[in-house]
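One structure below.
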Amino acid sequence: MHKPMGLFARDELRAALEKIEARTAKARADPGHNPNFQTQWAAHMQLVAVINFLQGDPQCEGRIADLHRLQEALYDIVLNGRRVRWLMPAPKAGAPRTGVMISNLRGRAAAVVEFLKACAGLTEKEAAKFVARYGAVQRLVPRGKQPLWRIVQDWRQQVIGHAEPSDQRDGFAAMLALIEKLGFGLSQASAQAEAKTLLTDLDAVDAS
């Protein structure tokens, strides 16, 4: 029995992505690899795979011209070292803003501090030290002289001290919602173990 053509295309896409993933993992295992180049290359190849998948769908073919532009731009950036003007950030006054993912993850770490204060009976300082010790937060911090726990403590203060929306507040709210969904915090005795579980799920992303 033959599969519909769409399933063949989907299988081919999955196989292509798995091949890219395996090649990227092998390259990243080499201590001398260039992490920026590897991410650029993987993003470019994944985009090529998705474009090939979409071109195989008669309803999508001819409607992805801008994806082709992005593919060409990544090719120029990765292989030719060229700057692509429409991908460059618009100039803004002042210091560059912290990346969205970095801010979001800082908010999530701050929520674990909040959780430990509320459910494990720790002070804010003790909770911040716990997160600094067990969380993958070092990579979310730019180089500086402040103790790591104090920086984590500041993240919580930034969230609870400002009412306006921010990526950090979004991460804070998302982590609290996850805590509620998982049913964590019902027992003070297990709260620290639950906090470690939450911290394990924090992505390690460069703050640079």
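The values are calculated or read from the model by the stated rules, or taken from the named source; none is laboratory data. These numbers were taken from a predicted model, which means no experiment stands behind them. Every residue, glycine as well, gets a Cβ built from its backbone with ideal geometry; the counts of neighbours run over all protein chains shown.
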Exercise. Restricting attention to segment 181-198, which residues are surrounded by 12 or more Cβ atoms within 10 Å (Cβ to Cβ) and at positive phi?
Worked result: GLY185
Exercise. Just for segment 11-38: of the residues that are modelled with pLDDT under 85 and in contact with a Lys or Arg (Cβ under 9 Å, 6 or more places away or on another chain), which one is farthest from LEU70 (Cα to Cα)?
Worked result: PRO35
Exercise. Which one is nearest to LEU199 (Cα to Cα) among residues in segment 147-169 that are modelled with pLDDT of 85 or more and of a type in the set (A, V, I, L, M, F, W, C)?
Worked result: VAL152
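Does segment 55-65 hold any residues that are in contact (Cβ under 8 Å) with a residue 12 or more places away in the chain and surrounded by fewer than 16 Cβ atoms within 10 Å (Cβ to Cβ), and which are they?
Looking only at segment 55-65, we keep the residues that are in contact (Cβ under 8 Å) with a residue 12 or more places away in the chain, and these are 56-57, 64.
Result: ASP57, single match.
If a residue must be aromatic (Phe, Trp, Tyr) and either closer than 10 Å to ALA109 by Cβ or touching a strand residue (DSSP E or B) at 6+ places or on another chain (Cβ under 7 Å) (or both), how many such residues does segment 132-178 contain? Spell out the reasoning first.
Our first condition is that a residue be aromatic (Phe, Trp, Tyr); within segment 132-178, this holds for 134, 149, 155, 172.
Restricting the remaining residues to those that are either closer than 10 Å to ALA109 by Cβ or touching a strand residue (DSSP E or B) at 6+ places or on another chain (Cβ under 7 Å) (or both) gives 155, 172.
Selection size over segment 132-178: 2.
Criterion first (farther than 14 Å from TRP41 by Cα, at pLDDT 80 or above and touching a helix residue (DSSP H, G or I) at 6+ places or on another chain (Cβ under 9 Å)) does ASP57 satisfy it? It would help to see each step written out before you state the result.
On the way: farther than 14 Å from TRP41 by Cα: yes; at pLDDT 80 or above: yes; touching a helix residue (DSSP H, G or I) at 6+ places or on another chain (Cβ under 9 Å): yes.
Yes: the conditions hold for ASP57.
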Exercise. Of the residues LEU47, LEU54, LEU79, which is assigned to a helix (DSSP H, G or I) and in contact with a Leu (Cβ under 7 Å, 6 or more places away or on another chain)?
Worked result: LEU47
For this session: Output the residue which, of all residues in segment 122-146 that are in a loop (DSSP other than H, G, I, E, B) and modelled with pLDDT of 95 or more, is surrounded by the most Cβ atoms within 10 Å (Cβ to Cβ).
Result: LEU122
